[in-house]
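Single-structure report; data block below.
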Amino acid sequence: MEKTITDLHIGEKGIIANFCLNNIPLKLLEMGCIPGKEVELVQIAPLNDPLYIIVNGSHIAIRRDVAKLINIY
Amino acid sequence: MSEKKNIKIALAGNPNTGKTSLFNVLTGLHQKVGNYPGITVDKKQGTFDLNNNTTATIIDLPGTYSINPSSIDETIVIKTLINKNNIDFPDIVVIVAEIDNLKRNLLLFSQIKDLEIPTILAINMSDQMKRKGISIDIEALEKELKTDVVLISARKNSGIENLKKALLNPKYKVLKSSSHCSEKIDATFFNQIKKEIPNLPLYNAWLLITQLEDLSAYTQEEQNSINKFKINKDQLSKLQHKETIFRYAEINAILKKTYKVDKSKATTLRARLDRVLTHKFFGFIIFGIILTFLFQGVYNFSAIPMDFIDTSFANLAEWVKNTMPTGIFTDLLTDGIIAGIGGIIIFVPQIIILFLFVAIMEETGYMSRVVFIMDKVMRRFGMSGKSVVPLLSGTACAIPAIMAARNISGIKERLITILVTPFTTCAARLPVYAILIALVIPETSFYGFNIQGLVLMALYLIGFTTAIVSAYILNKILKVKSKSYFIIEMPNYKLPSLRNLLITIFDKTKAFVIDAGKIILAISIILWFLASNGPNNTHGNAENIVAKEIKLNGINLSQAQQDQKVSSYKLEHSYIGIMGKTIEPAIKPLGYDWKIGIALITSFAAREVFVGTLATIYSVENNDEDVTGIKQRMQAEINSETGKKRFDLPTGLSLLIFYTFAMQCMSTLAIVKRETNSWKWPIYQLAGMTTLAYIAAYLTHLIFL
């Protein structure tokens, strides 16, 4: 199975793989979430959702359902 | 004197870059808040002098990460910048960026640059560069971007003169058609656009195709060609994604050459604070403590100024009473208008504290952390973490709160938030609560707690709980299709700027007081007219009818008692009395009489007029000079059926509960209409909340009777 951002542990990093562009909101790309960039999981909110990540210099929080769509390696 | 030259400047930039700080520094108090036509987005405009013979008009556009809008506020940016005929179309755009995340800031810059408008890049917070180990080669960056770049610090007030110089004399001019969406993304497709829509710059045409629905500013021919391209949504979305990736690739290449960070110097303050403030357990605890502190603060810090305002208004009313001739008009002035407006002004200290608190939470960056930790919890109730902001602001006033719901991207989450926000106890309910609690709740203590204070707290809790529970129910019954995605930035922590806080609070408080004041004034006057006039055969003939009645019953009354009877009769048969009497059967089960009914009717315009309305009614009826002050008048009011006090415990509690639930604010309904773009939701809201209020007040009256 392919790894996604949700598989990271807090403090762990990964590289964003090519994701299926159509499923990802444009805003996420605009915030810097771009294939080939490093992503770090900083914190997981209470009740396990959303996720706080640093990607491409942006500190952002996204929900688990979107994070699941972003493959990493 | 020679005519001064004026240039129009627009400020654009990501949220949290200090764009508004720069605006405040440039304009000082020469700013005004207006509205964009059709929507309620605040339009902040100001003026300042560039030099002796040039002035500048500057407009602060809403913060956005991209020119592609994802909320109503953000559409302003594209609408202002895409059409040369727009009234606000600028001569030059200043894009405010910050040193920390220059990369993402440059995305918006590259988009605006493509619109072929002159631009200047202002890099803010440059005072922190050394500490953060950042160095930028400005000259190289200017060459790469073909734009003037200025380092500024809005907080430290540095670099502003350089920015002004650049505004007067930019080194770089606009380059035509260096458009990004070219061969590199999809040559055939963009060549086709060029061919079909030759009169518009390529990037403008591309934005019109992907972003805008309203094309009325363009010719029929252009509209047709644009609409032709709109059809294949999948392809467009793929191209937009590609465009963004392409832009970032370019930006990265530029920054590699011009921007260096010494990682060893990067501070870990943000990381450390985040570890605690977003912690699974401590995050909630800290937020809880802050909330407790907030509500404590609202009451403790405001006590002294509130007493002062109360006394001042009482003195003012007293003074007017003594200097003006006695009569109904003076009563209207003192009891209706001065008392009504005083009833609002007295809550200004509390409103200031609430707005101050929300503003501090937003300025420091803490609000984003609250949104983060609350998101999953709020989602159980069909809302979003971002709903925390409206629900918190709703404790000051529902109007700005409902406008704050715009940031919620899910349609259903946003709608539910808008619908339940008016349940939170807003400042306008406080004058009603204050007087009713003082009338019916004894001033004793209960295990060391003041009972009056406990009742007030209970009302807050009831309001908040109802908001949450109705959100849960709405989430189950509303069938709104909504694909929501939740992306928020977690900005770096900042010390709030005093200037920004003061300006925000001043604007918001002023708007609240003026809006409420206008309504109170209008209602007092209408009410006074309706209460002192009536149909001729009864109202106009009151003296004779009352005299006849007295004779018939054969009672002996003094002249004063007789006059009293006449004015009571007159009020009962005035236009407003007839209205009150008509609804009396409906409100009798709640424990109210027709006079309270009148206050209920006027309260549907705005709840805070309750006190002023009763004051006006009682003073029209009662000419007794000895009784002053609305509280004494209400205390003296007798229930004509039982002979006991009108405002006893069952009636008082029933009224409190009614005001907790009922939708009594025309301004809120108007805002809901504008924000949801239909009459359907405000009407549901009005009907639903008022029905709930009726049933709950009925049960309360029944239980305590």
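The values are calculated or read from the model by the stated rules, or taken from the named source; none is laboratory data. It should be emphasised that the depicted structure is a prediction, and the values quoted were computed from it without experimental measurement. Note that each Cβ is placed from the backbone with ideal geometry, even for glycine, and that neighbours are counted across all protein chains shown. Heavy atoms of the whole protein, side chains included, go into the accessibility calculation; ligands, DNA and RNA do not. Shrake-Rupley method; radii C 1.70, N 1.55, O 1.52, S 1.80 Å.
Taking Cα centre as origin and charging only the Cβ of basic (Lys, Arg, +1) and acidic (Asp, Glu, -1) residues, the dipole magnitude of the protein assembly as shown rounds to 2360 debye. Measuring between their Cα centroids, the range B:74-94 and the range B:407-469 lie 42 Å from each other.
The GluC sites (Glu not before Pro) of the range B:583-674 that DSSP puts in a loop, and whose beta carbon has at most 13 other beta carbons within 10 Å, are B:E625, B:E641. Can you work out the base-10 log of I(q)/I(0) for the range B:435-593 at q = 0.18 1/Å, using the Debye formula on its C-alpha atoms alone? Normalising to I(0) and taking log10 leaves -1.22.
Taking all protein chains into account, the per residue accessible area for the protein assembly as shown stands at 46 Å² (1.4 Å probe). Note on chain B: helix-only mean residue ellipticity at 222 nm, from DSSP H runs of 4+ residues weighted -39500 (n - 2.57) and normalised by residue number, equals -19000 deg cm²/dmol. Computed about its Cα centre, the charge dipole of chain B is approximately 2800 debye, with only Lys, Arg, Asp and Glu carrying charge at their Cβ.
Per residue, the convex hull spanned by the Cα atoms of the range A:5-67 amounts to 75 cubic angstrom.
Farthest toward the positive end of the dipole of the range A:5-67, out of A:I54, A:L28, A:I15, is the Cα of A:L28, where the dipole comes from beta carbon charges about the Cα centre.
Considering only A:L41, A:L51, A:L28, the mean-square fluctuation computed in a Gaussian network model of chain A, springs between alpha carbons under 10 angstrom, is largest for A:L28. Think of each Lys and Arg Cβ as +1 and each Asp and Glu Cβ as -1; about the Cα centre, that makes the dipole of the range B:506-704 roughly 480 debye. Of interest is the spacing of the C-alpha centroids, which for the range B:568-588 and the range B:365-404 amounts to 42 Å. Packing order of peptides B:385-397, B:114-126, B:298-310, B:238-250, highest average first: B:385-397, B:114-126, B:238-250, B:298-310 (average count of other Cβ atoms within 10 Å over each peptide's residues).
Using a probe radius of 1.4 angstrom, the carbon and sulfur fraction of the accessible surface of the protein assembly as shown is 59%. Within the protein assembly as shown, DSSP assigns beta bridges of which about 65% are antiparallel (rounded to the nearest 5). In the range B:491-553, inverting the average of 1/r over every pair of distinct C-alpha atoms gives 16.8 Å as the Kirkwood radius. Legend: helices of chain B (whole DSSP H runs) are marked when their alpha-carbon atoms reach 24 angstrom or more along the helix axis and their mean Kyte-Doolittle hydropathy is at least -1.0; marked are B:233-258, B:282-300, B:303-323, B:451-477, B:498-532, B:680-704.
So which trypsin sites (Lys or Arg not before Pro) in the range B:437-520 pass both tests, a DSSP loop state and at most 12 other Cβ atoms within 10 Å of the Cβ? Qualifying residues, ordered by number: B:K479, B:K481, B:K483. For the chain pair B and A, the interface hides roughly 3400 square angstrom of accessible area in total, found with a 1.4 Å probe. For the protein assembly as shown, the calculated P(r) over all alpha carbon pairs, in 20 Å bins from 0 to the bin holding the longest distance, is 14, 42, 29, 13, 2, 0 percent. In the distance distribution for the range B:574-705, Cα-Cα pairs more than 28 Å apart total 20 percent. With the cut-off at 1.5 for a/c, could you classify chain B from its C-alpha gyration tensor as rounded, prolate or oblate? Prolate, because a/c is 1.5 or more and a/b exceeds b/c. Take the Cα radius of gyration of the range B:222-270 and divide it by 2.2 N^0.38 Å, N being the number of residues; the result is 2.00. Can you tell which of B:A531, B:I520, B:S567 lies farthest toward the positive end of the dipole of the range B:466-613, using +1 and -1 charges on the Cβ of basic and acidic side chains (Lys, Arg; Asp, Glu)? Comparing the listed Cα positions along the dipole, B:I520 ranks first. Within straight-line reach of B:K476, meaning a Cα separation under 27 Å, sit the following lysines at least 8 residues removed in sequence or on another chain: A:K68, B:K376, B:K386, B:K412, B:K673, B:K680.
A Stokes-Einstein calculation at 20 °C with viscosity 1.002 mPa s, built on the Kirkwood radius of the range B:1-133 over Cα pairs, returns a diffusion coefficient of 139 µm²/s. Ordering B:L121, B:I99, B:N53 by the projection of their Cα atoms onto the charge dipole of the range B:45-133, which places +1 on the Cβ of Lys and Arg and -1 on the Cβ of Asp and Glu, puts B:I99 at the extreme positive end. In this simple spin-label approximation, B:F295 and B:V33 carry label points 7 Å from Cα along the Cα→Cβ vector, and these lie 2.6 nm apart. When the chymotrypsin sites (Phe, Trp or Tyr not before Pro) in the range B:580-679 are filtered for DSSP coil states and for at most 13 other beta-carbon atoms within 10 Å of their beta-carbon, the remaining sites are B:W679.
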